[in-house]
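Following: one structure in structure tokens, then a few remarks.
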Amino acid sequence: MSKNIAILCSGGDVSGMNPALKHFVEYSLKKGLIPYFVYDGYEGLIDNNIRQASYKDVSGIIIRGGTQIGSARSKRFMQPEFREMAKKNLDTLNIDMMIVLGGDGSFRGLDVFYKEHGIKFCGIPSTIDNDIHGTDYCLGVDTALNIIKTSIDSIRDTASAFRRAFVIETMGRDCGYLALISAITSGAELCLIPEVAYDLKSYEEDFKEQIKNGRRYFIAIASEGIKQESQEIADWFEQKIGIESRVSVLGHLQRGGNPTIYDRLMAYKFVTHAINGILDGQEESVICYSKKGFEFKTIDEVTSSKYELDLDLINFL
Ligand code: ADP
């Protein structure tokens, strides 16, 4: 068996990838492996943008968001002839083990690659949307939540000063996790997520009463996946509740930033389990985390179903 192992980042970047890269290098060396970085995701695999990594490459990166080795989506990797090129590049460097930081799409890609060419891999769920089936936690989520928290705290200052309603839009594609957790932990008055049907009318009487009783502002958290535009929610506040309103779309702010302690720790744990798993004979798996702890799941388990929000959390709404 070769001792050469590579890591790449694929799809959207998250804060926590750099701590993962640092630990990948250090832990690989500790286990007697030779670590390699693949730059720019599957594009780098195809273009042979693969280099041996050392302590020097990861010095100081633990505090940075994003990823030191770049990430990418790759249309070419969907085609067998480019995967063939990727395989040749790995063969030249004698690499037959890979760790992939990405989402379910990236894992599906690597699974196809494994089935064709036998490159063993372990996926580490990495997306701020926290929408990967089979894992309760994806790398980057805690940092994103903390950035959202800081943003909401700042917006609250101005909302209260000016007697306004703020509609704060969070990322998450079809998953309301970021919005839900942020709304609960920021004490928002309204939380709208794609998983729960809502009727704005049902809030009207109560919200107007609250204003009469002295409420100066409202914080509404809207997940990007709901059917209405955030501006429509803001218009509703103005027209039906009678309070001036503003929309704040947090956007890509949520992706970056200094990784939190939790994401640094989870990066270390995910990487340790992933490398141990491959060395112990896991050939095509994703390392998942739930209340039961860390466990390896198959690509099918992770990609065949849609992530479902924990009902216990929804009940807090
Ligand atoms: P995410 O990993 O965040 O879900 P994507 O769904 O965009 O991101 O997938 C990332 C990349 O994974 C794609 O750009 C493509 O290169 C690769 N990929 C996804 N599905 C396949 C597939 N069926 N075959 C080969 N490559 C794939």
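The values are calculated or read from the model by the stated rules, or taken from the named source; none is laboratory data. Computed from a predicted model, the values in this text were never measured in an experiment. Please note: Cβ atoms are built from the backbone with ideal geometry, for glycine as well, and neighbour counts cover all protein chains shown. The accessibility values were calculated without ligands, DNA or RNA, using every heavy atom of the protein model including side chains. Shrake-Rupley method; radii C 1.70, N 1.55, O 1.52, S 1.80 Å.
Could you list, in sequence order, all residues of segment 84-106 that are of a type outside the set (S, T, N, Q) and near the ligand (Cβ under 7 Å from one of its atoms)?
Residues of segment 84-106 of a type outside the set (S, T, N, Q): 84-88, 90-91, 93, 95-105.
Correct list: Gly102, Gly103, Asp104, Gly105.
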All but one of (1) in a loop (DSSP other than H, G, I, E, B); (2) closer than 18 Å to Asn276 by Cα hold for Thr67; state the number of the condition that does not hold.
(2)
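Please indicate, with yes or no, whether at least one residue in segment 286-302 is in contact with a strand residue (DSSP E or B) (Cβ under 9 Å, 6 or more places away or on another chain) and over 21 Å from Asp129 (Cα atoms). First the steps, then the outcome.
To start, the set of residues in segment 286-302 that are in contact with a strand residue (DSSP E or B) (Cβ under 9 Å, 6 or more places away or on another chain) comprises 286-289, 294-299, 301-302.
Filter again for over 21 Å from Asp129 (Cα atoms), leaving none.
The answer is no, given that none of the residues of segment 286-302 is in contact with a strand residue (DSSP E or B) (Cβ under 9 Å, 6 or more places away or on another chain) and over 21 Å from Asp129 (Cα atoms).
Do the conditions hold for Val112, that is, is it out of contact with any Gly (no Cβ under 8 Å at 6 or more places or on another chain) and either within 16 Å of the ligand (Cβ to nearest atom) or not in a helix (DSSP H, G or I) (or both)?
yes
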If the Cβ limit is 9 Å and pairs must be 6+ apart or interchain, which residue in segment 38-59 that is among the acidic types (Asp, Glu) pairs with which residue that is within 13 Å of the ligand (Cβ to nearest atom) and in a strand (DSSP E or B)?
Asp40/Leu8; Asp40/Cys9; Asp40/Ser71; Asp40/Ala72; Glu43/Ala72
Among the residues of segment 52-83, which ones are surrounded by fewer than 16 Cβ atoms within 10 Å (Cβ to Cβ), basic (Lys, Arg) and more than 16 Å from the ligand (Cβ to nearest atom)?
Lys56
What residue, among those in segment 82-133 that are β-branched (Val, Ile, Thr) and either touching a residue at least 60 places away in the same chain (Cβ under 8 Å) or not assigned by TED's automatic domain parsing to the domain that holds Ile34 (or both), is farthest from Gly176 (Cα to Cα)?
Ile95
Quick one: what pairs do we get from segment 281-306, first residue free of Cβ contacts under 8 Å to residues at least 60 places away in the same chain, second open to solvent by 80 Å² or more (accessible area, probe 1.4 Å), C-beta under 9 Å, 6+ apart or different chains?
Phe294/Lys269
Exactly one of Asp104, Asp96, Asp91 is under 24 Å from the mean Cα position of the chain (by Cα) and acidic (Asp, Glu), and that one is Asp104
Report yes if some residue within segment 146-169 is open to solvent by less than 40 Å² (accessible area, probe 1.4 Å), hydroxyl-bearing (Ser, Thr, Tyr) and under 17 Å from Met17 (Cα atoms); otherwise report no.
no
Across (1) away from the ligand (no atom under 16 Å from the Cβ); (2) open to solvent by 10 Å² or more (accessible area, probe 1.4 Å); (3) more than 19 Å from His273 (Cβ to Cβ); (4) not aliphatic (A, V, I, L, M), His23 clears everything bar (3)
